[in-house]
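Notes follow once the structure below has been shown.
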Amino acid sequence: MSRFIDLYVEQAVIGGIMLAAGRSDGADMATDAIEGLTEDHFTATPHKVALRSYKRLNESGSKIDLLTLTSDLERLGALESAGGFAYLAECSKNTPSFANLAAYCEKLREMHLGRRMTLALQVGIQKLSEPSSEGIADIIGNIQADISGIEHSADYGTEHITTGIDMSLEAIQSIINGDIWKHKTELGMATIDSAFGGFNNTDFIVVGGRPGMGKTMFSTTVTETVGLKNKKPVLFFSLEMPVEQISERVAFHRARVRKEDLLSKVSGKMDEAWGKVSHCMKEFIDSPIYINDKPSLSVHQVRAEARRMSKKLGGLGVVIVDYLQKMRMSDPENMNRSVGEIATGLKNLAKELRCPVIALAQLNRNLEQRANKRPVAADLRESGVIEQEADVIFMVYRDEKYNENTELKGITEIICVKSRHAPGAEKTYHFSSRYSGLDPVDFTYSGQVQQEADYEC
């Protein structure tokens, strides 16, 4: 760890602050250094004590120089701990100029980051070498999460308001120019994409529904749009279905065929369906769609694999998890805590990789007892933390599952129950699921449904 300890740099920061504070053209630089550093950035006790005194003097509005510094330390009986008058004077004398103070501070932050990284790795190695109930993948995942957290904490994230305005205007201009994918992600359901204006690349999106309602169709539609239409990498974690089942759903929707068509005995129908699938297979050969069907993955394993694929592919367009409650729980006896950890981990993954993360989620059986079966956010299993972490929550519902004579036959409802960034989008959207995916329809309660025109593969 000696690589990340440099007492000369620490002395230069202590001395540089003293020099800068005494100059009209250096006062702001001194304040920035005092406010931007903590005692943890230093390794030597005298430097920690000196910074503590600098902060007291700065907060009180007192002048900072060698005399005020030593006087403050002496008053608190800490002068000896700071190395004494002679040592502090030496720090000032050995610093040639305050002009490089900002660079000294940055070097100090880098070394502090290196020490934190080293410690995280050492703790991880210790865990790997000891008997533990934790799996190797989980331990490695924890190490990666710790390191990722350290990396992100190194970025202050503070920007002037004009920076944010410029970023927003740039995004709007890109959308006007037809390059929405530079800043936003579309899911492939036109009415939803239009209402939201595209989704933020840091969004955590939860899609809830009872079994058989169409959650997986939602995910396959997104996969097709992001991976095939827009050529952005898709990483699909299928914890419930094997890779062949997910793959066929995406392929059949893209080809605009049903599985029954491929098995049809009607003359010409089978050949037509197989021709469409064959034609679309050409697109899939070069498509950046990747499916992981390992069961019972932990959130650490999901995050580790997502990081690996993001690095390999130069970024991801979307990460899909099907489904949240199928992930391995850290504490099966405490489902709320376990699901909360998963939801928080997936939200952090979206922010880290800057791509939307979509998690499918099962609903409580309680709604089956209600007269109105349309789900609400509270129907999510272990809903508390999921509601808190999610930027968007969709509920998938098919009325024909409960009402045989419904006007909504063949219609899948996507009900938005939460939208953090587009409040006006909280409404119900209607889709057809004829081809294993979701296609918008114009629906009226007169019983008439107008299907959008099929698109060519």
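What order do you get for 113-119, 402-408 when each peptide is scored by the mean count of other beta carbon atoms within 10 Å, highest first?
113-119, 402-408
Summing Lys, Arg as +1 and Asp, Glu as -1, what charge do residues with Cβ under 14 Å from the Cβ of Asn94 carry, Asn94 excluded?
-2
Mind checking which lysines have their C-alpha under 19 Å from Lys231, skipping anything on the same chain fewer than 8 residues away?
Those lysines meeting the cut-off are Lys182, Lys184, Lys282, Lys311, Lys312.
Residue by residue through the range 38-43, what is 3J(HN,Hα) from phi via Karplus (6.51 cos²θ - 1.76 cosθ + 1.60, θ = phi - 60°)? Round to whole Hz and write x for glycine and proline.
Rounded to whole hertz, the list is 10, 4, 5, 6, 9, 10.
List the lysines whose Cα lies under 20 Å from the Cα of Lys427, skipping any in the same chain that are fewer than 8 positions away.
Lys215, Lys373, Lys409, Lys418
Give the residue list of GluC sites (Glu not before Pro) in the range 16-61 that are DSSP loop and have at most 10 other beta-carbon atoms within 10 angstrom.
Answer in residue order: no site qualifies.
Among rounded, prolate and oblate, which fits the range 2-107 when a ≥ b ≥ c are the square roots of the eigenvalues of its C-alpha gyration tensor, a/c under 1.5 means rounded, and a/b larger than b/c means prolate?
It comes out rounded by the Cα gyration axes.
Every number in this text was worked out from the coordinates using simple rules, so none of it is lab data. If you're wondering where the values come from, they're calculated on a predicted model, not measured in any experiment. Heads up, the Cβs are rebuilt from the backbone with ideal geometry, glycines too, and the neighbour counts pull from every protein chain shown.
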